[in-house]
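Data first, discussion second: the structure below is written as C-alpha coordinates.
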Amino acid sequence: GPSHTIGVVKAAGKVSVLASRSSSSLNTGTVGIAHTRWATHGAPTDANAHPHTSSDGGLAIVHNGIVENFVALREELQRKGYRMASETDTELIAHLISDVRKQKWMPLEEAVRQALSQVQGAYGICVISSEEPDLLVGARKGSPLLLGIGEDEYLLASDASAVIERTRRVTYLNDGEMVVVARTPSGACTYEIKTLEN
(Lines give C-alpha, C1' and ligand atoms only; values in the text may rest on other atoms or scores of the structure.)
Protein backbone atom coordinates (compact mmCIF):
# COMPACT_ATOMS: atom_id res chain seq x y z
CA GLY A 1 0.00 0.00 0.00
CA PRO A 2 0.95 3.66 -0.03
CA SER A 3 3.57 4.94 2.36
CA HIS A 4 2.19 6.95 5.27
CA THR A 5 4.07 9.27 7.58
CA ILE A 6 3.08 11.13 10.71
CA GLY A 7 3.63 14.86 10.55
CA VAL A 8 4.27 16.50 13.92
CA VAL A 9 3.76 20.18 14.69
CA LYS A 10 4.52 21.49 18.20
CA ALA A 11 4.52 24.90 19.84
CA ALA A 12 5.06 26.14 23.36
CA GLY A 13 2.69 28.89 24.42
CA LYS A 14 -0.68 29.89 23.03
CA VAL A 15 -2.81 27.70 20.76
CA SER A 16 -2.71 30.50 18.16
CA VAL A 17 1.06 29.87 17.76
CA LEU A 18 0.37 26.20 17.08
CA ALA A 19 -2.44 27.10 14.68
CA SER A 20 -0.14 29.32 12.63
CA ARG A 21 2.55 26.62 12.53
CA SER A 22 0.11 23.91 11.48
CA SER A 23 -1.72 25.86 8.75
CA SER A 24 0.66 24.50 6.10
CA SER A 25 -0.74 22.67 3.08
CA LEU A 26 1.58 19.78 4.04
CA ASN A 27 -0.99 18.76 6.67
CA THR A 28 -3.33 16.78 4.44
CA GLY A 29 -4.17 13.90 6.75
CA THR A 30 -7.61 12.90 7.97
CA VAL A 31 -6.55 11.40 11.32
CA GLY A 32 -4.86 13.55 13.92
CA ILE A 33 -4.12 13.97 17.61
CA ALA A 34 -3.42 17.10 19.65
CA HIS A 35 -3.04 18.13 23.29
CA THR A 36 -3.03 21.59 24.86
CA ARG A 37 -1.82 20.84 28.39
CA TRP A 38 1.73 20.51 29.63
CA ALA A 39 3.06 17.25 30.99
CA THR A 40 3.78 16.70 34.66
CA HIS A 41 7.42 16.02 33.73
CA GLY A 42 9.46 18.68 31.95
CA ALA A 43 9.35 22.41 31.29
CA PRO A 44 6.89 24.02 28.82
CA THR A 45 9.08 23.80 25.70
CA ASP A 46 8.49 22.72 22.11
CA ALA A 47 10.43 19.49 22.80
CA ASN A 48 8.14 18.61 25.72
CA ALA A 49 4.93 19.55 23.89
CA HIS A 50 2.60 16.80 22.68
CA PRO A 51 2.36 14.74 20.57
CA HIS A 52 5.33 12.53 21.33
CA THR A 53 6.61 9.96 18.88
CA SER A 54 8.44 6.67 18.88
CA SER A 55 12.12 6.78 17.85
CA ASP A 56 11.29 5.86 14.24
CA GLY A 57 8.45 8.40 14.05
CA GLY A 58 5.96 5.66 13.24
CA LEU A 59 3.83 6.17 16.36
CA ALA A 60 2.50 9.35 17.93
CA ILE A 61 0.75 9.74 21.27
CA VAL A 62 -0.93 12.34 23.44
CA HIS A 63 -1.47 11.65 27.13
CA ASN A 64 -3.24 13.23 30.07
CA GLY A 65 -2.13 11.79 33.40
CA ILE A 66 1.06 10.73 35.15
CA VAL A 67 3.28 7.66 34.78
CA GLU A 68 4.24 6.85 38.37
CA ASN A 69 6.95 4.32 37.40
CA PHE A 70 8.49 6.87 35.01
CA VAL A 71 12.08 6.52 36.29
CA ALA A 72 12.15 2.71 36.16
CA LEU A 73 10.58 2.59 32.68
CA ARG A 74 12.92 5.30 31.35
CA GLU A 75 15.98 3.43 32.65
CA GLU A 76 14.76 0.13 31.16
CA LEU A 77 14.09 1.73 27.76
CA GLN A 78 17.46 3.52 27.79
CA ARG A 79 19.17 0.18 28.53
CA LYS A 80 17.45 -1.17 25.40
CA GLY A 81 18.91 1.72 23.38
CA TYR A 82 15.94 4.11 23.25
CA ARG A 83 16.89 7.78 23.26
CA MET A 84 14.59 10.29 24.89
CA ALA A 85 13.83 13.45 22.91
CA SER A 86 11.92 15.05 25.80
CA GLU A 87 11.75 15.16 29.59
CA THR A 88 8.19 13.78 29.61
CA ASP A 89 6.56 10.62 30.86
CA THR A 90 4.33 10.60 27.76
CA GLU A 91 7.22 9.88 25.41
CA LEU A 92 7.92 6.69 27.38
CA ILE A 93 4.52 5.28 26.43
CA ALA A 94 5.29 5.80 22.73
CA HIS A 95 8.60 3.93 23.16
CA LEU A 96 6.88 1.16 25.16
CA ILE A 97 4.32 0.58 22.39
CA SER A 98 7.10 0.60 19.80
CA ASP A 99 9.16 -1.83 21.90
CA VAL A 100 6.24 -4.25 22.23
CA ARG A 101 5.84 -4.20 18.43
CA LYS A 102 9.58 -4.58 17.90
CA GLN A 103 9.59 -7.80 19.92
CA LYS A 104 6.65 -9.22 17.93
CA TRP A 105 4.60 -7.25 15.43
CA MET A 106 0.94 -7.00 16.41
CA PRO A 107 -1.97 -4.69 15.64
CA LEU A 108 -1.80 -1.26 17.28
CA GLU A 109 -4.72 -2.04 19.61
CA GLU A 110 -2.93 -5.06 21.09
CA ALA A 111 0.43 -3.29 21.30
CA VAL A 112 -1.21 -0.43 23.23
CA ARG A 113 -2.88 -2.92 25.55
CA GLN A 114 0.41 -4.76 26.26
CA ALA A 115 2.42 -1.55 26.71
CA LEU A 116 -0.12 -0.08 29.12
CA SER A 117 0.06 -3.22 31.27
CA GLN A 118 3.59 -2.00 32.18
CA VAL A 119 2.44 1.51 33.15
CA GLN A 120 1.65 2.38 36.75
CA GLY A 121 -0.32 5.56 37.21
CA ALA A 122 -3.09 7.42 35.40
CA TYR A 123 -3.64 7.98 31.73
CA GLY A 124 -6.05 9.08 29.08
CA ILE A 125 -4.20 8.48 25.81
CA CYS A 126 -4.71 8.63 22.06
CA VAL A 127 -2.32 6.83 19.73
CA ILE A 128 -1.86 6.78 15.95
CA SER A 129 0.48 4.70 13.78
CA SER A 130 1.83 5.23 10.28
CA GLU A 131 1.46 1.45 9.75
CA GLU A 132 -2.29 1.64 10.41
CA PRO A 133 -3.18 5.13 9.15
CA ASP A 134 -6.95 4.62 9.35
CA LEU A 135 -6.90 3.76 13.06
CA LEU A 136 -7.05 5.78 16.27
CA VAL A 137 -6.70 4.01 19.63
CA GLY A 138 -7.66 5.63 22.92
CA ALA A 139 -7.45 4.21 26.46
CA ARG A 140 -8.10 5.42 29.98
CA LYS A 141 -7.20 4.56 33.53
CA GLY A 142 -7.63 7.19 36.22
CA SER A 143 -7.82 10.12 33.76
CA PRO A 144 -10.98 10.97 31.82
CA LEU A 145 -11.48 10.14 28.15
CA LEU A 146 -14.58 10.50 26.03
CA LEU A 147 -15.59 9.80 22.45
CA GLY A 148 -17.39 12.58 20.59
CA ILE A 149 -19.63 11.27 17.82
CA GLY A 150 -19.95 13.92 15.13
CA GLU A 151 -21.15 14.17 11.56
CA ASP A 152 -18.79 11.80 9.70
CA GLU A 153 -16.15 12.21 12.41
CA TYR A 154 -15.12 10.90 15.81
CA LEU A 155 -13.23 12.95 18.39
CA LEU A 156 -11.45 11.79 21.53
CA ALA A 157 -11.06 14.27 24.38
CA SER A 158 -10.55 14.46 28.12
CA ASP A 159 -13.44 16.92 28.53
CA ALA A 160 -16.69 17.57 26.64
CA SER A 161 -15.81 21.28 26.34
CA ALA A 162 -13.15 20.29 23.77
CA VAL A 163 -15.70 18.75 21.37
CA ILE A 164 -18.88 20.75 22.05
CA GLU A 165 -18.40 22.95 18.95
CA ARG A 166 -18.43 19.82 16.77
CA THR A 167 -20.92 17.52 18.50
CA ARG A 168 -23.17 17.16 21.51
CA ARG A 169 -23.15 13.34 21.31
CA VAL A 170 -20.51 11.91 23.63
CA THR A 171 -19.77 8.53 25.15
CA TYR A 172 -17.62 8.50 28.29
CA LEU A 173 -15.16 5.64 28.54
CA ASN A 174 -15.12 3.82 31.86
CA ASP A 175 -11.91 3.29 33.78
CA GLY A 176 -9.96 0.42 32.19
CA GLU A 177 -11.56 0.78 28.76
CA MET A 178 -10.14 1.48 25.33
CA VAL A 179 -11.75 2.67 22.12
CA VAL A 180 -10.68 1.75 18.60
CA VAL A 181 -11.86 4.13 15.88
CA ALA A 182 -11.34 2.80 12.36
CA ARG A 183 -12.04 3.93 8.81
CA THR A 184 -13.13 1.04 6.62
CA PRO A 185 -11.92 0.66 3.01
CA SER A 186 -15.28 2.12 1.88
CA GLY A 187 -14.52 5.27 3.88
CA ALA A 188 -17.07 4.71 6.64
CA CYS A 189 -15.90 5.18 10.23
CA THR A 190 -16.68 2.80 13.05
CA TYR A 191 -15.78 2.58 16.70
CA GLU A 192 -15.62 -0.18 19.27
CA ILE A 193 -15.19 0.18 23.02
CA LYS A 194 -13.38 -2.70 24.74
CA THR A 195 -11.75 -3.37 28.09
CA LEU A 196 -7.98 -3.15 28.47
CA GLU A 197 -7.98 -6.72 29.79
CA ASN A 198 -9.35 -8.63 26.77
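The values are calculated or read from the model by the stated rules, or taken from the named source; none is laboratory data. This one's a predicted model, so the numbers in the text were calculated from it and none came from an experiment. Backbone-built Cβ (ideal geometry, glycine too); neighbour counts: all protein chains shown. The area values use the complete protein model at the heavy-atom level, side chains included, leaving out ligands, DNA and RNA. Shrake-Rupley method; radii C 1.70, N 1.55, O 1.52, S 1.80 Å.
Details
- Members of the stretch 125-150 that are of a type in the set (V, I, T) and over 14 Å from the mean Cα position of the chain (by Cα): I149
- Considered as a group, the residues in the stretch 71-91 that are basic (K, R) and in a helix (DSSP H, G or I) include one that is modelled with the highest pLDDT, and that residue is R79.
- Here Q118 fulfils each of the conditions (1) open to solvent by 20 Å² or more (accessible area, probe 1.4 Å); (2) farther than 23 Å from T195 by Cβ; (3) in a loop (DSSP other than H, G, I, E, B); (4) free of Cβ contacts under 8 Å to residues at least 60 places away in the same chain apart from (2).
- Flag for G138 being in contact with a Leu (Cβ under 6 Å, 6 or more places away or on another chain), at pLDDT 95 or above and within 16 Å of V31 (Cβ to Cβ): yes
- Annotation: of all residues in the stretch 173-192 being outside any loop (DSSP other than H, G, I, E, B) and open to solvent by 80 Å² or more (accessible area, probe 1.4 Å), the one that is farthest from S117 (Cα to Cα) is Y191.
- Qualifying residue in the stretch 164-172 (condition: open to solvent by less than 60 Å² (accessible area, probe 1.4 Å), among the β-branched types (V, I, T), touching a residue at least 40 places away in the same chain (Cβ under 8 Å) and assigned to a strand (DSSP E or B)): no
- Hey, L145 surrounded by 13 or more Cβ atoms within 10 Å (Cβ to Cβ), in contact with a helix residue (DSSP H, G or I) (Cβ under 9 Å, 6 or more places away or on another chain) and aliphatic (A, V, I, L, M) or not: no
- Selection of the stretch 57-97 for residues being within 18 Å of V112 (Cα to Cα), surrounded by fewer than 20 Cβ atoms within 10 Å (Cβ to Cβ) and among the polar types (S, T, N, Q) yields only N69.
- A search for C-beta distances below 8 Å between a residue of the stretch 67-78 that is among the charged types (D, E, K, R) and any residue that is buried (at least 19 other Cβ atoms within 10 Å of the Cβ), counting only pairs 6+ apart in sequence or on different chains, returns R74/L92.
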